[in-house]
Amino acid sequence: MAPEATPKSMLCWNEELQPEITEEQWEFCCGQLTELSPNYKLRLIHFKYLHRFYKTPINLRKMGLRETDECWRCGSVSASFLHIAWSCPRLKGYWSQIFVSVNQIVGRSDVPSPLLGLLGYVRDTPPTMRRLHALLLLFAKRRVAIHWGRQRVPMVRDWLADVTYGHTLLTTFWDLMPAASRPRDIWDPFVSWAREHRSSRLGGDTLSE
């Protein structure tokens, strides 16, 4: 069973999200902790986003570890969690291209939103595609976490490399499971898409460093 989300975490998110996240949506996002992946490191990333473990310029200034609360990428003042993880102008290109690619893979037309990108609310996705959809977005926010505290922005080509590695890793793990328990062909849409786009220029040439 997924650990219960503390009310404080949901309240903190709702100070920044518009529209606010509902209790039903929050419960679904927390339930993803056990549904996403058998890999505990990937689960931990999702957990840290849910509970906002990553420290923002605002947090660091209050702790006396930073002189200002400016964003380390764009210089905006009062850089909140949502700003650093999502709405920073220097992240706009990254998240836009992530959603273009993910929509192509899972056959959707979702508008970029932090509810999807950061909290993993993929309930509206058909069940057969839901786990893949959530994993693709998880690897995208993992890239943001890797660059936390840096001026450099994440690159879509690095996300693609992460997803490719994750496909190999998780497929190997699932192959060791009893046949009746294995997720069935969830990676097929990604494999087909990656093969089709292998020769195309994805992300790195168009996003600023």
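Annotations
- Residues in segment 9-31 that are assigned to a helix (DSSP H, G or I) and either under 22 Å from residue 87 (Cβ atoms) or at pLDDT below 90 (or both): 9, 10, 11, 12, 13, 14, 25, 26, 29.
- Of the candidates 172, 206, the single residue that is of a type in the set (S, T, N, Q), under 15 Å from residue 100 (Cα atoms), loosely packed, with under 14 Cβ neighbours inside 10 Å and modelled with pLDDT under 95 is 206.
- In segment 50-67, the count of residues that are under 17 Å from residue 16 (Cβ atoms), touching a Cys at 6+ places or on another chain (Cβ under 7 Å) and not charged (D, E, K, R) is one or more.
- Here residue 105 meets the list (1) of a type in the set (A, V, I, L, M, F, W, C); (2) surrounded by 19 or more Cβ atoms within 10 Å (Cβ to Cβ); (3) more than 14 Å from the chain's Cα centre (by Cα); (4) not in a helix (DSSP H, G or I) almost entirely, failing just condition (4).
- Once segment 32-45 is narrowed to residues that are of a type outside the set (Lys, Arg) and not in a loop (DSSP other than H, G, I, E, B), the residue that is nearest to residue 83 (Cα to Cα) is 45.
- When 48, 55 are screened for being closer than 19 Å to residue 154 by Cα, of a type in the set (Lys, Arg) and assigned to a helix (DSSP H, G or I), only 48 passes.
- The residue list 100, 111 contains one member that is of a type in the set (Val, Ile, Thr), out of contact with any Leu (no Cβ under 8 Å at 6 or more places or on another chain), free of Cβ contacts under 8 Å to residues at least 24 places away in the same chain and closer than 27 Å to residue 168 by Cα, which is 100.
The values are calculated or read from the model by the stated rules, or taken from the named source; none is laboratory data. Keep in mind that this is a model prediction, so the values were computed, not measured. A quick note on method: Cβ atoms are made from the backbone with ideal geometry, for glycine too, and the neighbour counts reach across all protein chains shown.
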